[in-house]
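Have a look at the structure below, then the notes.
The values are calculated or read from the model by the stated rules, or taken from the named source; none is laboratory data. All values derive from a computational prediction rather than experimental measurement. Methodologically, a virtual Cβ is constructed for each residue, glycine included, from the backbone with ideal geometry; neighbour enumeration extends over all protein chains shown. The accessibility values were calculated without ligands, DNA or RNA, using every heavy atom of the protein model including side chains. Shrake-Rupley method; radii C 1.70, N 1.55, O 1.52, S 1.80 Å.
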Amino acid sequence: MHIDYDHESRAIVEAFFDRIKTDLEARAADAPAELVSRMRALQAELEAAETDLPDEPARYNLRYTSAVLAAYRVLGAAGVASGQPLIEWLSSAFVEPFAEDVKAGTRAALDAAPDPFAVMVAISRGRESEAFGALFTFEHPVDDDQRFHTDVRRCGYHDYLSRQGAPELTPALCAFDNSWIDAIDPARDGFAFTRETTIGLGGDHCPFHFHRTR
């Protein structure tokens, strides 16, 4: 199945900014449209500053990180929110607009598959190169018919946000995975998934581990 990751990344970022504007209006913040306009302008500056991207996936992922970073800086400077409450707000705004679609799409793919484990492994493998690319490093210490372990040893999200002085934002990007994770039903699919930590949460790697349960 071909996925247009360029289109997907633009849609996610647009939904993120739209959600921030809606939230600002609900909070009765001053000039929500102006604040979002400032975020968009800052995001464009942040994207333009990255002139040495190794591949197309790096461009898609820069859209995500620069959008979240721009919102973080603008909202923080405006005094609308700060610290962990702001990070949690940004995480919700980034994840929730597409959460149900991602969960439903994953559920549909698993339900249609004669072997849900094999389908999830194939999806995971494809996303490594097509959605993440050279700025992420993946290792597979276990890879057989019963288990598929992907350990992310380098995270492009965390590297970029660390360079920008905001590594604390990485968990907001990590949270997007919860949408497809929540679609997995071991009793129904015959496999389970664990991710005990991430680099953004202080781990030395992100363990994405799948294993059959029957």
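Could you say whether any residue in segment 104-121 is of a type in the set (D, E), open to solvent by 50 Å² or more (accessible area, probe 1.4 Å) and within 20 Å of the chain's Cα centre (by Cα)?
Within segment 104-121, not a single residue is of a type in the set (D, E), open to solvent by 50 Å² or more (accessible area, probe 1.4 Å) and within 20 Å of the chain's Cα centre (by Cα).
Would you confirm, using the coordinates I've provided, whether R27 is out of contact with any Ser or Thr (no Cβ under 8 Å at 6 or more places or on another chain), of a type outside the set (V, I, T), without any contact (Cβ under 8 Å) to a residue 60 or more places away in the chain and under 20 Å from A172 (Cα atoms)?
In short, no.
From the set of residues in segment 31-59 that are of a type in the set (S, T, N, Q) and part of a helix (DSSP H, G or I), which is surrounded by the most Cβ atoms within 10 Å (Cβ to Cβ)?
Within segment 31-59, the match that is surrounded by the most Cβ atoms within 10 Å (Cβ to Cβ) is Q43.
Being in contact with a Ser or Thr (Cβ under 6 Å, 6 or more places away or on another chain) and either over 17 Å from A134 (Cα atoms) or among the aliphatic types (A, V, I, L, M) (or both) is the filter here, so list the residues in segment 144-165 that pass it.
Answer for segment 144-165, where residues must be in contact with a Ser or Thr (Cβ under 6 Å, 6 or more places away or on another chain) and either over 17 Å from A134 (Cα atoms) or among the aliphatic types (A, V, I, L, M) (or both): just L161.
Can you pull out every residue in segment 106-139 that is among the hydroxyl-bearing types (S, T, Y) and not in a helix (DSSP H, G or I)? It would help to see each step written out before you state the result.
Let us first name the residues in segment 106-139 that are among the hydroxyl-bearing types (S, T, Y), namely 106, 124, 129, 137.
Listed by number, the list holds a single entry, T137.
Name the residues in segment 145-165 that are open to solvent by 70 Å² or more (accessible area, probe 1.4 Å) and not in a strand (DSSP E or B), would you?
Once the filter is applied, which keeps residues that are open to solvent by 70 Å² or more (accessible area, probe 1.4 Å) and not in a strand (DSSP E or B), segment 145-165 yields D145, Q146, R163.
Go through the residues of segment 124-134 one by one and say whether even a single one is open to solvent by 60 Å² or more (accessible area, probe 1.4 Å) and at pLDDT 95 or above.
no
Tell me yes or no: at least one residue of segment 16-23 is within 20 Å of L161 (Cβ to Cβ), touching a residue at least 60 places away in the same chain (Cβ under 8 Å), open to solvent by less than 50 Å² (accessible area, probe 1.4 Å) and not β-branched (V, I, T).
Yes, the conditions are met somewhere in segment 16-23.
Which ones in segment 189-214 are in contact with a Lys or Arg (Cβ under 9 Å, 6 or more places away or on another chain), closer than 16 Å to A118 by Cα and of a type outside the set (A, V, I, L, M, F, W, C)?
G190, H209, H211, R212
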